[in-house]
Amino acid sequence: MRREWEARIDSVAAQFVLGEAATVAPAAEALAWMRQEAGREGWEEIARLAARIAERMASSPQWHTEGALAEGLDKLRRAVEAATAGDAPAAGKPPNELAQDPGLVGDFILETREHLISIENDLLTLDREPSQPEALHSIFRSFHTVKGLAGFLEFDAVRSLAHEVETILDLARNQQLAITATVIDVVLESADYLKQEMNRLEAGLAGAAAGEAAAVDALIVRVQSLNRTSVAAPQPVLAAPPEAVTDAVTGTATEAVTGAVPEAAPAAAPATPEPSPAAPGAQPPAAAPAAVQASAEKFSVRVDTQKLDHLLDMVGEMVIAQSMVRQDPELAGLRSPRVTRNLTQLSRVTDEVQKTAMAMRMMPVGQLFHRVARLVRDLSRKMNKPAGLELSGEDTQIDKTIVEELADPMMHMVRNSLDHGIEPVAARLAAGKSESARISLRATHQAGHILIEIEDDGRGLDRDKILAKARGRGLVGEGHTPSDNEVYNLIFEPGFSTAAAVTDVSGRGVGMDVVRRQVAKLRGRIDIHSEPGKGTVFQLKLPLTLAIIDGLVVGVGGERYIVPIFAVQEMFRPTPGMLSSVKGQGEMAMVRNRLLPVVRLHNRFSVTPRTQEASESLFVVAETGGRRFCLMVDEFIGKQEVVIKSLGEGMKNIPGVAGGAILGDGRVGLILDLEGVYGEHTLA
Amino acid sequence: MAYDVLIVDDSPAMRSFIGRVLGLTGMEIGERLEAGHGREALEILGRSWVDVILTDINMPVMNGEEFLAHVAARGDLKAVPVVVVSTDSTGTRVERMMSLGAKGYVKKPFSPESLREELERVLEVSHG
């Protein structure tokens, strides 16, 4: 509050000192602001004083006496100081006490971040449809709330910025300002600033030296200037009846403010009652987050993720303990119907508890999508390639960690699509395509996993170019003609980039290999479909949760191993005819007309197998990182969902081992990290 | 006597803040009830005893004005003073809240002293 007044009084003072007639206009503007603001605050004397100064200034320049005006301004300054003394940060005042409380500051950070997410979503909606009153209203309210909270904590930079943005948005709400791309840019930038401040405050809470708030004054000036440009410009965009505009301009802005309320109330109405199950899907994108927020707010509790993870761990243990009890031979020997019935009930309840605990870690994938939406907007403007983003399946629930870990790979793929996939406008038009490109993000649930697709309608992958480059780098032999799929998969090779020119957006050849590695880390896989001239689809298949894995339990000697089932293609007992030894490449097996390397699992982990004879063993065809190989094991024991347990610090980085699990019979099995298992093979 | 207070604000963090400032007033506060909007507040008022209400104006579902109108319409709540707590409302907005039956107004952010002063005024607490 005080800061804004000071800045304005100073600027007027500076203009007086300069004594330039040309500077009278901005000075008058500043004084008009003071008058209005003082009116709003109920500081009548200050408002009158500002009016008198302005009046005097508006008189012929020959009457301007620097001294008198400056004195008047000084008087104004003192009056403002006295008036704001109440909310000035005086020493020992209780609001500081609030800021000293990590719990309250934590609440503030959390809530501000929630607002920032919805602000960003709503801004992107406004970008598409500038006349979306709900989105605009919701952004306004978010900044308003953040301002109020920051006021209590005396986070002045945050408060001032939020106040200025709120003022601009209020003008837009009252149709006095058109929502242009520039307005959205500056508001997004303000949201970014707040984001950064939240990170700083959080670091401070964690005990780090948080330092001072980042400079905000330049940004504030930019936000304020949005108002100025709009006032100067004619307002052809406005569909509002002229009297409403003049009404608001002539100081009875209050009428316009209150007038907006009944308008906004019905707009928010669909979100308010008991959420009807049919509504969310049918609603426009902007309405959905609001509905979610309104319904979620009332009944939600915030929980530390660490506590949640511990709960999940314990639930996992409970499920195992339960299954051990159930399978206990002594209990089974009792043949008691009552025991059986109670055990069945126990297992039903534990199942339910487990499902509920898992669901607590789940969150809608939409949040991730909205981050991508922001990127598409920024990049398409930066690269001058207009692009629209279509989202579907935003409500699909997925493990929180996956959502977090997926952000970078997703961003990277979309960046690539825009940079390499989408053609420049001229090329698109020449190809008979629409000027604006289309990028779609889709999420769907499929049996036991989630499928995320990123599709663009660009030029598609250039098979010949990729192949030529791969041959040049010796990744593909001269005689070999790989399938389309194999060629497309080459873009995931480390250091592979076909971009002719390295742009500052992408094309440095880092990235797609990282994308694949990251997706593999999440126990997912990635596939590409591409059609020249039509576009490219990246398909990400991911598990629903990271806490449980659907595994194939296999045995080697006396040991048990768990192969993640998503990587398993098939299983069979090899015949001697399938096997061969290729020089320099070791053992190979011919599977469906393809020669695949054989990895003997017993060699990896130095266990004595039941048999060394391949034809007496079992082959599991597994795929990892785009490569297929046969894993030789003794026997197949069963398929089981297992809870992944960390092996602890000491055994964390053993190649080929992703973790441990307690099997249904109480024995421990190692969960295989196939990439590691295969990697060891190639090194050997 | 300890006063049971109902805080009506759509921001959970703001409710905590107000609760904290209440604690700093030195007044004896009994039950501290919270509602995210007017409708929820009305539900609480139906089942819990409340001595004083602190309400925001801008809220989803049911805003402060509608809430006040409902409170005023209910015969049982005539003796429960409502204090408007708002960030920066225009004079007319506050006047309207007053004409709807609000007894007091504090502007956010506020100090424990100013909150206490206003609460004592609307609760007609005698000094001494």
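The values are calculated or read from the model by the stated rules, or taken from the named source; none is laboratory data. This is a predicted model, so every value here is computed, not measured. All Cβ positions, even for glycine, are placed from backbone atoms using ideal geometry, and neighbour counts span all protein chains on display.
Annotations
- Residue match in the range A:113-131 (condition: charged (D, E, K, R), closer than 25 Å to B:Ser16 by Cβ and touching a Pro at 6+ places or on another chain (Cβ under 6 Å)): no
- Which listed residue, of B:Arg96, B:Arg121, is surrounded by fewer than 21 Cβ atoms within 10 Å (Cβ to Cβ) and more than 14 Å from chain A (Cβ to nearest Cβ): B:Arg121
- Screening A:Phe566, A:Phe619 for residues that are at pLDDT below 85, within 42 Å of the chain's Cα centre (by Cα) and not in a loop (DSSP other than H, G, I, E, B) leaves exactly one candidate, A:Phe566.
- Of the residues examined, A:Val591 is not one that is touching a His at 6+ places or on another chain (Cβ under 7 Å) and at pLDDT 85 or above.
- Just one of the listed residues (A:Glu559, A:Glu587) is closer than 30 Å to A:Gly666 by Cβ, acidic (Asp, Glu) and in contact (Cβ under 8 Å) with a residue 24 or more places away in the chain, namely A:Glu559.
- Test: residue in the range B:74-82 that is in contact with a Lys or Arg (Cβ under 8 Å, 6 or more places away or on another chain) and crowded, with 17+ Cβ neighbours inside 10 Å: yes
- Meets criteria (touching a residue at least 60 places away in the same chain (Cβ under 8 Å) and under 17 Å from A:Thr145 (Cα atoms)) for B:Asp9: yes
- Of all residues in the range A:121-164, those that are among the polar types (S, T, N, Q) and more than 14 Å from every other protein chain (Cβ to nearest Cβ) total 4.
- Complete set of residues in the range A:460-489 that are aliphatic (A, V, I, L, M) and assigned to a helix (DSSP H, G or I): A:Ile466, A:Leu467, A:Ala468, A:Ala470, A:Val487
- Residue in the range B:28-42 that is buried (at least 22 other Cβ atoms within 10 Å of the Cβ) and assigned to a strand (DSSP E or B) present: yes
- All of B:Thr92, B:Thr87, B:Thr25, B:Thr55 fail the test of being within 20 Å of B:Glu117 (Cβ to Cβ) and without any contact (Cβ under 8 Å) to a residue 40 or more places away in the chain, apart from B:Thr87.
- For A:Val620, the requirement of being touching a helix residue (DSSP H, G or I) at 6+ places or on another chain (Cβ under 8 Å) and surrounded by 18 or more Cβ atoms within 10 Å (Cβ to Cβ) is not met.
- Scope the range B:92-113; condition part of a helix (DSSP H, G or I) and in contact with a helix residue (DSSP H, G or I) (Cβ under 7 Å, 6 or more places away or on another chain); matching residues: B:Thr92, B:Arg93, B:Arg96, B:Met97, B:Pro112
- Filter pass, A:Val668 being loosely packed, with under 15 Cβ neighbours inside 10 Å, at pLDDT 85 or above and among the aliphatic types (A, V, I, L, M): yes
- The residues of the range B:57-76 that are more than 25 Å from A:Phe152 (Cβ to Cβ) and either at the interface with chain A (Cβ under 9 Å from one of its Cβ atoms) or more than 13 Å from the chain's Cα centre (by Cα) (or both), listed by number, are B:Glu66, B:Ala69, B:His70, B:Ala72, B:Ala73, B:Arg74, B:Gly75, B:Asp76.
- Any hit, the range B:66-77, residues being of a type in the set (Lys, Arg), in a helix (DSSP H, G or I) and out of contact with any Phe, Trp or Tyr (no Cβ under 9 Å at 6 or more places or on another chain): no
- Among the conditions (1) more than 9 Å from chain A (Cβ to nearest Cβ); (2) farther than 26 Å from A:Asp101 by Cβ; (3) not acidic (Asp, Glu), B:Arg32 misses just one, which is (2).
- Selected residue [of a type outside the set (Ser, Thr, Tyr), assigned to a strand (DSSP E or B), away from chain A (no Cβ under 14 Å) and within 27 Å of A:Ser142 (Cβ to Cβ)] from B:Leu54, B:Leu6: B:Leu6
- Of all residues in the range A:69-82, those that are closer than 12 Å to A:Ile53 by Cβ and in contact (Cβ under 8 Å) with a residue 12 or more places away in the chain have Cβ atoms under 7 Å from Cβ atoms of residues that are among the small types (Gly, Ala, Ser) and buried (at least 16 other Cβ atoms within 10 Å of the Cβ), 6 or more apart or on another chain, in A:Ala70/A:Ala13; A:Leu73/A:Ala13; A:Leu76/A:Ala50.
- Within the option set A:Val554, A:Val633, being surrounded by 21 or more Cβ atoms within 10 Å (Cβ to Cβ), within 30 Å of A:Asp313 (Cβ to Cβ) and in contact with an Asp or Glu (Cβ under 8 Å, 6 or more places away or on another chain) holds for one residue only, A:Val554.
- A:Glu189 meets the stated requirement of being assigned to a helix (DSSP H, G or I) and touching a Leu at 6+ places or on another chain (Cβ under 8 Å).
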